[in-house]
1. Answer yes if at least one residue in segment 147-156 is in a strand (DSSP E or B) and out of contact with any helix residue (DSSP H, G or I) (no Cβ under 7 Å at 6 or more places or on another chain), and no otherwise.
2. Which of the residues that make up segment 49-63 are free of Cβ contacts under 8 Å to residues at least 60 places away in the same chain and near ligand 1 (Cβ under 9 Å from one of its atoms)?
3. On the basis of being closer than 30 Å to residue 401 by Cα, within 19 Å of the chain's Cα centre (by Cα) and assigned to a helix (DSSP H, G or I), does residue 333 make the cut?
4. So, residue 83, is that one loosely packed, with under 14 Cβ neighbours inside 10 Å, on the phi > 0 side of the Ramachandran plot and more than 15 Å from ligand 1 (Cβ to nearest atom) or not?
5. Is it the case that residue 39 is closer than 24 Å to residue 224 by Cα, touching a helix residue (DSSP H, G or I) at 6+ places or on another chain (Cβ under 6 Å) and either at pLDDT below 95 or within 16 Å of ligand 1 (Cβ to nearest atom) (or both)?
6. In segment 238-253, is there at least one residue being touching a strand residue (DSSP E or B) at 6+ places or on another chain (Cβ under 9 Å) and either outside any helix (DSSP H, G or I) or not assigned by TED's automatic domain parsing to the domain that holds residue 111 (or both)?
7. Among the residues of segment 144-167, how many are out of contact with any strand residue (DSSP E or B) (no Cβ under 8 Å at 6 or more places or on another chain) and either buried (at least 21 other Cβ atoms within 10 Å of the Cβ) or in contact (Cβ under 8 Å) with a residue 60 or more places away in the chain (or both)?
8. Starting from residues that are over 18 Å from residue 78 (Cβ atoms) and assigned to a helix (DSSP H, G or I), keep the ones in segment 1-19 and report whichever is nearest to ligand 2 (Cβ to nearest atom).
Ligand code: ATP
Ligand code: MG
């Protein structure tokens with residue numbers, strides 16, 4: 001499609017990407033903007049990043065740019081670094097029947113462990129995942145090349161995989177997650193043939209290195225479409241291999257608080273992303289894994305005779321270790337996630353003068369946000385505790401000191417008279433008892 005047939009102008013392309021494209025072109029190489037950048041500009045969306053592809057090899061690219069780093073083992077490419085902006089420059093990929101063991105390697109299930117066979121632009125297009133991602137913007141004449149019907153599919157809103165879907169998913173199971181992500185992000189229909197094998201192949205995701213999965217999960221849940229991705233992943237059996245603990249917990253008790261918690265975390269994260277508020281994996285994982293943590297703590301308490309409070313600390317390590325087998329969460333997020341969990345244990349015991357101290361803790365806000373979600377997910381005692389803290393947080397000095405005085409007393413009085421406590425619990429749903437509580 002020539003320049004006058006489409007609406008992409010150079011002004012929409014980042015200055016750094018243009019610099020890279022022009023330098024390659026002037027040095028006699030072919031240079032194209034490719035993939036999401038072209039796709040999103042054609043759809044009128046703002047691209048997340050601009051990827052470049054060329055016939056220059058990583059070594060040749062390195063000679064052209066001082067600010068170049070060659071990265072990646074499975075898929076080698078060049079990063080051209082402009083301060084915090086990085087332009088990824090890949091070399092055209094070819095077919096694997098032309099490769100040797102150094103450039104091309106796959107495992108028994110067909111997964112590509114090395115994808116470094118270079119080729120022509122036509123071959124490169126066939127190696128891409130979806131037709132709408134096989135769009136190339138040519139810097140030499142500003143035309144767009146579309147392969148496999150990419151432009152038609154883009155206009156029709158169809159997400160079609162290039163080649164035989166099962167083979168392409170086996171080569172790289174992450175493509176199944178990309179299918180979900182693009183379907184929700186671009187509001188496109190996943191083509192029937194691309195959808196059909198996913199349920200059966202979803203389990204292959206458990207082979208993917210946990211570090212890569214961490215990145216994919218960020219793209220799935222921190223870009224404003226988390227709730228939609230969660231539902232679609234569940235529909236296709238893709239949630240289980242990533243979050244086995246959470247999946248099992250929901251399966252055991254679909255009406256339980258865990259299911260509600262997951263929904264709320266997803267929709268709240270989406271809302272924050274859309275409002276441009278900060279989101280952190282520390283809170284995300286702490287909230288998602290709170291109920292699996294409780295379950296594990298109860299098991300430990302039961303097996304070892306530890307009380308639930310001590311067992312919870314032991315359970316934190318177990319649950320994080322378990323989750324990190326599939327998604328390697330960096331320590332800079334697991335450490336604050338533990339803090340958020342510890343604070344949950346303290347909220348219940350600190351509805352007294354200790355509350356002031358808790359309020360000053362740097363993790364208070366995140367922990368308090370989780371407490372509010374737990375209150376909504378569970379109701380009952382937790383909701384009461386959450387309400388107390390909400391009044392405390394929002395109240396003025398006078399209200400706070402009243403709360404601290406009354407909050408501390410209630411459990412002590414109850415403890416002295418277990419018979420009365422039992423009775424008041426039993427009729428806690430009657431209007432009379434609610435009136436009394438207030
Ligand atoms: P976005 O940047 O919005 O997530 P994108 O399509 O640009 O979407 P990238 O991960 O930036 O995705 O990859 C750039 C391009 O590289 C893709 O458009 C696609 O052509 C190709 N690509 C990326 N990952 C794969 C993969 N796993 N298999 C085949 N092709 C891929
Ligand atoms: Mg991209």
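The values are calculated or read from the model by the stated rules, or taken from the named source; none is laboratory data. In this text, all values refer to a predicted model and were calculated from it rather than measured experimentally. Cβ placement follows ideal geometry from the backbone for every residue including glycine, while neighbour counts extend to all protein chains displayed.
1. In the first step, residues of segment 147-156 are kept if they are in a strand (DSSP E or B); the result is none.
No, the conditions are met nowhere in segment 147-156.
2. Within segment 49-63, the subset free of Cβ contacts under 8 Å to residues at least 60 places away in the same chain is 49-52, 54, 56, 58-63.
Answer for segment 49-63, where residues must be free of Cβ contacts under 8 Å to residues at least 60 places away in the same chain and near ligand 1 (Cβ under 9 Å from one of its atoms): 49, 50, 51.
3. Details: closer than 30 Å to residue 401 by Cα: no; within 19 Å of the chain's Cα centre (by Cα): yes; assigned to a helix (DSSP H, G or I): yes.
For residue 333, the condition - closer than 30 Å to residue 401 by Cα, within 19 Å of the chain's Cα centre (by Cα) and assigned to a helix (DSSP H, G or I) - is not met.
4. Values: loosely packed, with under 14 Cβ neighbours inside 10 Å: yes; on the phi > 0 side of the Ramachandran plot: yes; more than 15 Å from ligand 1 (Cβ to nearest atom): yes.
Yes: the conditions hold for residue 83.
5. On the way: closer than 24 Å to residue 224 by Cα: yes; touching a helix residue (DSSP H, G or I) at 6+ places or on another chain (Cβ under 6 Å): yes; either at pLDDT below 95 or within 16 Å of ligand 1 (Cβ to nearest atom) (or both): yes.
Considered against the rule, which asks whether it is closer than 24 Å to residue 224 by Cα, touching a helix residue (DSSP H, G or I) at 6+ places or on another chain (Cβ under 6 Å) and either at pLDDT below 95 or within 16 Å of ligand 1 (Cβ to nearest atom) (or both), residue 39 comes out as yes.
6. Among the residues of segment 238-253, not one is touching a strand residue (DSSP E or B) at 6+ places or on another chain (Cβ under 9 Å) and either outside any helix (DSSP H, G or I) or not assigned by TED's automatic domain parsing to the domain that holds residue 111 (or both), which makes the answer no.
7. Going through segment 144-167 one residue at a time, the tally reaches 1.
8. Initially, segment 1-19 is screened for residues over 18 Å from residue 78 (Cβ atoms), giving 1-13, 15.
Cutting the leftovers down to assigned to a helix (DSSP H, G or I) gives us 3-5, 10-12, 15.
On the way: 3: 23, 4: 26, 5: 23, 10: 18, 11: 19, 12: 15, 15: 17 Å.
For segment 1-19, the residue satisfying everything is 12.
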